[in-house]
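Written out below as structure tokens is the structure these notes cover.
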Amino acid sequence: MKKIFLVLIAVLISQVSFAQLPKLGYVYEDYVMMNLNEIKDLQNEVSGKREELSKQLQAKSQLYQEKYTAYQQSLKNITNVTTESLNAALKEVQDIKKSADEFQASADSVLQSLIQTKYRDIRFKLDDATKKVAAEKGYKFVFRRNADPNNRESTPVMLYANDNGKDNLSDAILLKMGSTPPKPQTPAPVTPTPAAKKPTPAANKPTPKKP
């Protein structure tokens, strides 16, 4: 019985020793998001939308200023102005001001909704691309990292990997999503500074004799 038990233990140890461990990969999430074409397109779209809304708000503000100035001028000479017309002018000014305030609040909501919707779609595509790249390369687990150690937008779940970038899937994911990874920056060669020449000691001049 003891021999059978020892044989079973030996078999289990051999299976654990020779079993192939699952491949572990990681993604620099902030690096991928920063270099995605879709993120750059979203930034341009938001910038264009903000400029468009800003122009519309500026036009409403200008209209309000014009109507308000005209109303103030009418108060200076009320001889030929009826109470009804003054009240109507005041209500128009108030309505324009209210419309401008509501438009500004609506513009902020429109921009926020645009960013959230597009960003959520990009995140879904990033997750899908990560799964596809991992499957193609035979990775069973993929962890999230931050290329920038000061980045606090996402919580990293891998703090260190001594693999020389072999298991870094970031560039492969960028390519899968149709974006070109940036070229690695090669440090400029350091030109050695020539050593400063030591000053040649002056020849000893003879001391003149006193007369």
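The values are calculated or read from the model by the stated rules, or taken from the named source; none is laboratory data. Because the structure is a prediction, the values reported are computed rather than measured. For neighbour counting, all protein chains shown are included, and Cβ atoms are generated from backbone atoms with ideal geometry for every residue, glycine included. For accessibility, only protein heavy atoms count, side chains too; no ligands or nucleic acids. Shrake-Rupley method; radii C 1.70, N 1.55, O 1.52, S 1.80 Å.
Table: residues versus (1) under 30 Å from K40 (Cβ atoms); (2) open to solvent by 50 Å² or more (accessible area, probe 1.4 Å).
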residue	(1), (2)
L75	no, yes
K97	no, yes
L114	yes, no
R120	yes, yes
K131	yes, yes
K137	yes, yes
K140	no, yes
G165	yes, no
L169	yes, no
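Would you confirm, using the coordinates I've provided, whether S85 is open to solvent by less than 60 Å² (accessible area, probe 1.4 Å), over 38 Å from the mean Cα position of the chain (by Cα) and over 30 Å from M177 (Cβ atoms)?
yes
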